[in-house]
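Values in this text are rule-based calculations from the coordinates and carry no lab data. None of these values were measured; they are calculated from a predicted model. Methodologically, a virtual Cβ is constructed for each residue, glycine included, from the backbone with ideal geometry; neighbour enumeration extends over all protein chains shown.
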Amino acid sequence: MDTSQVHCVTGTVNLDRGTLKAYADAANWLALNDSTSHVYVKDGGATFDTAGYTMGIVAPLEHGGIAAIDGGLTKAGAGLLTLSGLNTYTGPTIVSAGTLSLAQACLYDASNVIVGSGAVLDLASGAADTIHYLLLGGVPEAAGTYDSSNSGGYITGSGSLIVSSSVLPGDANLDGSVDGTDLNIVLSNYGVTSGGTWFTGDFNGDGAIDGTDLKHRVVELRRHFRRDRRRARTVDLVVGGRGPRGPARLRMAEAKITTTPLSL
């Protein structure tokens, strides 16, 4: 949906998988007409593409998903988006391009913040805001406090983020566990030589998804199988890419993981 028109909401607006795209500056892109009106972020999440313009949303973006964690907010496109409402959405906050400015420290404590390469998160509230995971430029950061002084330019403003947890190596989907779902993500993208991200299996941040990333994943799988010795089955998984001697086969049997080449 392309729009720069000021939207004074009367009633209820549900944001669910759609993209609101600007084509002119608007300080009050979304506002509430009265106290009975609401803007809800549903399970599919909300994407705002500022397309190089300066935009502002004064309406609170409220949690409206069925699940406890909704689809969150994605800031796309060049330009600036300022959120000044007391937001209660619970999903991830993703800044894929441009600058997202948060006037209030109201991020959900169990949510993740992801700032893409070249993008900026402006913490304008001046307050500390607790979150779960933090990724800057596609790289997971360790638990700790991050602000404009130690974020490599990804965070500006006078506020800070208190990151409560460190991302597990190999946890591509950030669900707090390293399992077959993460392995499938790596295998399905194996052989990509550029443009890879943490979410597609590039765990070392070099843009490629190769044996180095698979090694990170195998190390975590070994730990996983050691923790759960009830898994006595042997599972063969063939990596979709080709190495010097052909595709690699991973064999997992209880706590033992080995890699052997396949002859063609």
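For this structure, a couple of remarks:
- Protection proxy ranking of 112-123, 26-37, by the mean of other Cβ atoms within 10 Å over each peptide's residues and highest first, is 112-123, 26-37.
- Between the C-alpha center of region 180-210 and that of region 6-82 there is a gap of 31 Å.
- Looking at region 109-192, none of the chymotrypsin sites (Phe, Trp or Tyr not before Pro) sits in a DSSP loop with at most 11 other Cβ atoms within 10 Å of its own Cβ.
- Here region 66-91 is scanned for amide nitrogen atoms under 20 Å from the site 7 Å beyond the Cα of residue 175 along Cα-to-Cβ, giving 66-73, 90-91.
- FRET efficiency for the pair residue 67 and residue 24, taken as 1/(1 + (r/R0)^6) with r the Cβ-Cβ distance and R0 = 22 Å, rounds to 0.05.
- Cβ-derived FRET efficiency at R0 45 Å, residue 36 paired with residue 117, nearest 0.05: 0.60
- Seen from residue 102, the other residues with C-beta closer than 11 Å to its C-beta sum to a net charge of -1, counting Lys and Arg as +1 and Asp and Glu as -1.
- Note on residue 86 and residue 9: the extension gain reaches 26.1 nm, defined as 0.36 nm multiplied by sequence separation minus the Cα-Cα distance.
- In order along region 95-101, phi translates into HN-Hα couplings of 10, 8, 7, x, 10, 10, 10 Hz, rounded to whole numbers, per the Karplus curve 6.51 cos²θ - 1.76 cosθ + 1.60 with θ = phi - 60° and x for Gly and Pro.
- Here r is the Cβ-Cβ distance between residue 43 and residue 149 and R0 is 41 Å; the resulting FRET efficiency, rounded to 0.05, is 0.70.
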